[in-house]
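Working notes, beginning with the structure itself.
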Amino acid sequence: MCIRDRYKSLITKEMRGKCKWIKDIRGDINRTFPEILNSDQKELSELVIRKLENVLIAISFKCPKIGYCQGMNYVVGFMLLVSDLEEEEVFWAFIALERDRLIQDQLQICGVNGMYMEGFPKMHYIMECFHAAFAELMPKLKLQFDRIRLIDLLWAHKWIFAFFLFSFPFSYCIRFWDYVLAHGISGSIRISLAIVTANKQKLEGKDFNECYQVLSSFIDGKNLPNAEEIVKIADHMKITPGTLRGLKSSNYQTESIADFKRLPSNIRDDVEEEARMNSVNVTEPVKAASRSIPI
């Protein structure tokens, strides 16, 4: 069977009937980039919905250990938009991204394979790497964030898990993706740290609410230098193998839930409202049985 026929065989009417994720996929699609799907261009909206559904169904069969989880709809939707809706191209691109590959990268965490599997094992590992690198490169700011309990569930976690799509302008996401594709998933750690570095003066010495406002206000690009400047900062981030010593990623999920429950009620309400809009479970974000985004 040729490659083109392989993709088509995964999205037949018969295969749709066998897809156990079809209800979840269809429920999430309408929440993906609503400014496009709810536009006046009905034909375009229907085309995007159909192609997004096709790719997500095909992925669920091709990668049974992943199946489908919330968040994949944004990643695949973004890939469709930048590829002029070439759904088959997007399918094979996601399959390539899903697999680890050899990159001369000190962290050697490349593919997204463990980011979307139940329990999100790679996501926990990546966040431990992020914390270790943050503490090494900006120790005073890291201590400040710990002291004011500015947990990464509110910012870095959702930046990295959704490849910046929830929180940054579309044009920035395109450049950040280019960087991550070149450097592997660890590139997302560098980009995240570069964003913090670019806003360091606005964050130092500030309280919880002031820091939270800075880190949650990037969607319009106002508090950011241009994307190229962020990439230049990321290139100078030196994340060494020693940064990873002594990591205990199994502790991350328990601590994240406990930290979230200790947040001020108004902040929890804001986060939960945002989560409801995206159909995300934040109160139990990392249960192995859960298939929602660990925001």
- From phi via Karplus (6.51, -1.76, 1.60), per-residue ³J(HN,Hα) for region 47-63 in Hz, x at Gly/Pro: 5, 4, 4, 5, 5, 5, 4, 4, 5, 5, 5, 4, 4, 4, 7, 5, 10
- Projected-area average for region 143-195 over all orientations - Cα convex hull basis, square nanometres: 3.7
- Message: Whole-Hz ³J(HN,Hα) for each residue in region 124-138, computed from phi via Karplus 6.51 cos²θ - 1.76 cosθ + 1.60 with θ = phi - 60°, x for glycine and proline: what do you get?
- Response: 4, 5, 4, 5, 5, 4, 4, 4, 5, 5, 4, 5, 6, 8, 9
- Query: Taking the simple approach of a point 7 Å from Cα along Cα-to-Cβ for both Arg16 and Asn223, what is their distance in nm?
  - Reply: 4.3
- Note on the structure: Here, region 109-192 modelled as identical Cα point scatterers in vacuum has Debye log10 I(q)/I(0) at q = 0.27 Å⁻¹ of -1.38
- Note on the structure: Expressed in angstrom and ordered largest first, the alpha-carbon extents of region 119-166 along the principal axes are 29, 19, 17
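Could you work out what % of the accessible surface of region 154-232 is carbon and sulfur, using a 1.4 angstrom probe and leaving DNA, RNA and ligands out of the count? Show your work: numbers first, answer last.
Numbers: 1480 of 2900 Å².
With neighbouring chains kept in place, the figure for region 154-232 is 51 percent.
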- Of all accessible heavy-atom area on region 4-96, the percent that carbon and sulfur account for (1.4 Å): 50
- Cβ under 12 Å from Leu137's Cβ, Leu137 left aside: what net charge do those residues give with Lys, Arg +1 and Asp, Glu -1? +4
- Task: With label points built 7 Å along Cα→Cβ from the Cα atoms of Ser9 and Phe170, find their separation and express it in nm.
- Result: 3.6
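The values are calculated or read from the model by the stated rules, or taken from the named source; none is laboratory data. Since this is a predicted model, take the numbers as computed values, not measurements. For neighbour counting, all protein chains shown are included, and Cβ atoms are generated from backbone atoms with ideal geometry for every residue, glycine included. These area figures cover heavy atoms from the full protein model, side chains too; ligands, DNA and RNA do not enter into them. Shrake-Rupley method; radii C 1.70, N 1.55, O 1.52, S 1.80 Å.
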